[in-house]
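> I have a structure here, written as structure tokens, and I will follow up with some questions on it.
Readers should treat all values here as calculations from the given coordinates under stated rules, not as data from a laboratory. No experiment lies behind these values; they were computed from the predicted model shown. Cβ placement follows ideal geometry from the backbone for every residue including glycine, while neighbour counts extend to all protein chains displayed.
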Amino acid sequence: MSESKNDKLIIGGHEFDSRFILGSGKYSLKLIEAAVKYAGAEIITCAVRRANTKDQENILDYIPKNVTLLPNTSGARNADEAVRIARLARELGCGDFVKIEIMRDTKYLLPDNSETIKATEILANEGFIVMPYMYPDLNAARDLVNAGAASVMPLASPIGSNKGLATRDFIQILIDEIDLPIIVDAGIGRPSQACEAMEMGAAAVMSNTALATAGDLPVMAEAFRNAVEAGRKAYLAGLGRVLTRGAAPSDSLTGFLRD
Amino acid sequence: MVKINGEQHDVSGKTVSEVLAELGYNEKGVAVELNEEILPKCNYASTVLEDGNSVEVVRFVGGG
């Protein structure tokens, strides 16, 4: 029990107890507070967009003050655009965290790893706590480490697809080889998938669409919270081994009915 | 003319503060880029927009 009590997620020198990062897209601002509460989330993502003069609602009014804001650079098609968005996000005055998200592909929304590495280097040098979203590739992940990333966020499957851990084996390689928190982002559609990612040793899971498209968002947020906690506990406990063939009884077969 | 969030406005000679107020932006929740460079909030009142300037006014919205 003792190890799980002191089991902090540390990103860029900041400590978190929760390992479930919440997105704020595609649902009502009015649901954010309940989502944060039921998810037990300490980090929430948001995006930067052109302001408009008609809708004056400010998302910051709906996010509890003790929650860390993680602005993303969605909309960026290259490193330069991501850097611009990150600087604007910092100017908006909610800290130095940034999730780099750079997509050239508009059909599958797959991240551009090489541009992401460039943006990571520039922003890390400017003092940002850089959390790059990436396609799970070990070489690219190593480059992100060298570029100054604070975590690495590989995708499980395409953004918004709810398809789960399509890249499972490659995320496992990152978990095994990269000495930064590996946060599984994008495509996690069910609590069981979040749990599995955590059992594999992921440092955290991020989800948005799975909640936004659920029947009851706060209840699903709580289900994810429990799943992430269960998966983390299982990882810390050390999973039982898998037999490649045959079987092993859970109890002694001898001692009764036969000699 | 000054391009603000992609639209042309006849506001040359006015300050950023004046233009934000005139167009109805809430200065509190936005960040401003002038010609692709961040304009710190403390400079809104003293920065006069010129013909051909390009301004972006952004804010946080929901996102993953």
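> Only Lys, Arg, Asp and Glu count, each charged at its Cβ (+1, +1, -1, -1), so figure out the dipole size of region A:97-136 about its Cα centre, rounded to 20 debye.
120 debye
> On to the next question. Looking only at other chains, what is the average number of their beta-carbon atoms within 10 angstrom of each beta-carbon in A:19-26? Could the numbers behind the result be given before it?
Values: counts 0, 0, 1, 1, 3, 5, 4, 3.
Taking all residues of A:19-26 together, the mean is 2.
> Looking only at region A:67-223, where both bridge partners belong to it, what percent of the DSSP beta bridges are antiparallel (to the nearest 5)?
Details: 1 of 13 bridges.
Percent antiparallel among DSSP bridges in region A:67-223 is about 10.
> I want the local charge near A:Ala140. Using Cβ-Cβ distances under 14 Å, sum +1 for each Lys or Arg and -1 for each Asp or Glu among the other residues.
So the environment of A:Ala140 carries a net charge of -4.
> Moving on to the next point. I'd like the mean, over residues of A:82-92, of how many other protein chain beta carbons sit within 10 Å of each residue's own Cβ.
4
> On to the next question. Take the alpha carbon gyration tensor of region B:9-58, find the square roots of its eigenvalues, order them as a ≥ b ≥ c, and report rounded if a/c is under 1.5; if not, report prolate when a/b exceeds b/c, else oblate.
Judged from the Cα gyration tensor, region B:9-58 comes out rounded (a/c under 1.5).
> Take peptides A:178-184, A:164-170 and line them up by average Cβ neighbours within 10 Å, highest first, as a rough protection proxy. Spell out each step's value before the answer.
Numbers: A:178-184: 20.1, A:164-170: 17.1.
Result, highest mean Cβ count within 10 Å first: A:178-184, A:164-170.
> How would you rank A:41-52, A:132-143, highest first, on the average number of other Cβ atoms within 10 Å across their residues? Show your work: numbers first, answer last.
Values: A:41-52: 22.3, A:132-143: 20.2.
In descending order of packing, they fall as A:41-52, A:132-143.
> What is the sum of charges, Lys and Arg at +1 and Asp and Glu at -1, for the other residues whose Cβ falls under 12 Å from the Cβ of B:Val30?
With Lys, Arg at +1 and Asp, Glu at -1, the net is +1.
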